[in-house]
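Handing you this structure, nothing more for now.
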Amino acid sequence: MSEIVHSGEWLAIASAAVWAVGVILFRLSSFRLHPIALNLGKNLFALVLIALTLLMTGASFFPAVPAKNTYLLLLSGFLGIAVSDTLFLWALKLIGASLTAIVDCTYSLFVILLSHFFLGERLSGLQLVGVALIVLAVITITRGNSENSSGPISSKNLVLGIILGTMAMAFVAVAIVIIKPVLKDTPVVWATGIRLSGGTVPLLFVPLLRGKRLIFTPLFNLSTWKILAPASFLGTYLSLMFWIGGMKYAFASVAAALNQLNTIFIFLLATIFLKEKVTLWRVMAVLAAFLGAFLAAC
């Protein structure tokens with residue numbers, strides 16, 4: 001059992017690493033894509049990769065999985081991908097990668113609390129301190145003048161970005177907690193595909209809405225995929241499989257906290273490649289968020 005838990009922890013760390021690179025690429029894609037179009041594009045690309053993976057490994061497209069488990073995975077995909085990822089990408093467009101990464105730490109807060117109340121996982125004093133530090137980090141980024149790679153962030157966009165990012169993490173936390181009990185009896189790749197389907201199909205109806213079709217036009221431009229394809233491979237295909245694997249083989253609260261290593265990775269990558277501004281407030285927020293996530297795993 002200890003080997004399985006150990007594997008879950010490594011998968012959670014791997015998910016954080018590839019997600020961080022994916023976020024930087026999603027940020028670059030966001031300059032030319034609407035958040036909904038970006039979400040749909042990355043999901044469709046990853047679904048093709050999931051299907052190819054099942055074919056190449058000889059895994060069944062229709063394993064003996066209870067219908068209830070399938071429905072929960074689809075619901076999880078709707079909440080955690082169709083809704084949450086759209087909100088996250090919107091926040092990413094508004095406030096940039098490094099600030100979004102800090103807000104992303106509220107994911108641990110929500111997963112830890114939900115795991116305590118609904119999965120019966122232990123909530124210690126150190127975890128409560130960790131939760132407090134994560135909240136402090138989010139409050140800290142509201143201080144001082146903020147900038148991203150596109151220039152100064154208005155107060156309106158900063159507040160809206162924080163709200164959207166926090167809502168995104170709340171939805172994804174609910175999405176993972178509701179499927180945690182069924183993951184132990186479900187193949188990881190297949191579960192990833194079903195969950196991704198639940199997050200993709202609803203988005204296919206958005207172009208039918210009045211005035212929304214034009215936002216998807218850039219997806220038909222091959223140049224868009226120069227960045228979106230590797231972003232989808234890392235930030236959706238690999239990240240989701242590693243993420244679900246981590247949740248399957250480790251406690252939800254521990255896996256969630258290890259996922260938050262992406263805060264450090266994204267901050268460094270955003271500074272180096274996106275030239276996002278490094279300020280004292282931002283550094284303090286990153287350190288508080290990272291320490292909070294570390295304590296939450298204790």
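The values are calculated or read from the model by the stated rules, or taken from the named source; none is laboratory data. Computed from a prediction, not measured in an experiment: that's the story for all the values here. Here the Cβ is made from the backbone with ideal geometry for all residues, glycine too, and neighbour counts use every protein chain on show.
Do we have S98 as touching a strand residue (DSSP E or B) at 6+ places or on another chain (Cβ under 8 Å), of a type in the set (S, T, N, Q) and surrounded by 22 or more Cβ atoms within 10 Å (Cβ to Cβ) here?
Criteria met by S98.
Among the residues of the stretch 138-162, which ones are surrounded by 14 or more Cβ atoms within 10 Å (Cβ to Cβ) and either modelled with pLDDT of 85 or more or among the small types (G, A, S) (or both)?
S146, S149, S150, N157, L158, V159, L160, G161, I162
Hey, another quick one. Restricting to the stretch 93-129, give me the number of residues that are touching a Gly at 6+ places or on another chain (Cβ under 8 Å), at pLDDT 80 or above and part of a helix (DSSP H, G or I).
Within the stretch 93-129, residues that are touching a Gly at 6+ places or on another chain (Cβ under 8 Å), at pLDDT 80 or above and part of a helix (DSSP H, G or I) number 7.
Okay, residues lined up against (1) under 18 Å from D104 (Cα atoms); (2) surrounded by 23 or more Cβ atoms within 10 Å (Cβ to Cβ); (3) modelled with pLDDT under 80:
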| site | (1), (2), (3) |
| --- | --- |
| M247 | yes, yes, no |
| F251 | no, no, yes |
| F265 | yes, no, no |
| L268 | yes, no, no |
| I272 | no, no, no |
| K275 | no, no, no |
| L280 | no, no, no |
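Okay, next question. Residues that are more than 17 Å from S29 (Cβ to Cβ): find the helices (runs of 4 or more DSSP H) completely inside the stretch 207-298 holding 2 or more of those.
Output list reads 239-249, 252-259, 262-273, 280-296.
Here's another thing I want to ask about it. Does A16 count as in a helix (DSSP H, G or I), modelled with pLDDT under 95 and either in contact with a Phe, Trp or Tyr (Cβ under 7 Å, 6 or more places away or on another chain) or surrounded by fewer than 16 Cβ atoms within 10 Å (Cβ to Cβ) (or both)?
Against the criterion (in a helix (DSSP H, G or I), modelled with pLDDT under 95 and either in contact with a Phe, Trp or Tyr (Cβ under 7 Å, 6 or more places away or on another chain) or surrounded by fewer than 16 Cβ atoms within 10 Å (Cβ to Cβ) (or both)), A16 qualifies.
Listed residues F62, F26; which is among the aromatic types (F, W, Y) and over 15 Å from P187 (Cα atoms)?
Answer to the check: F26.
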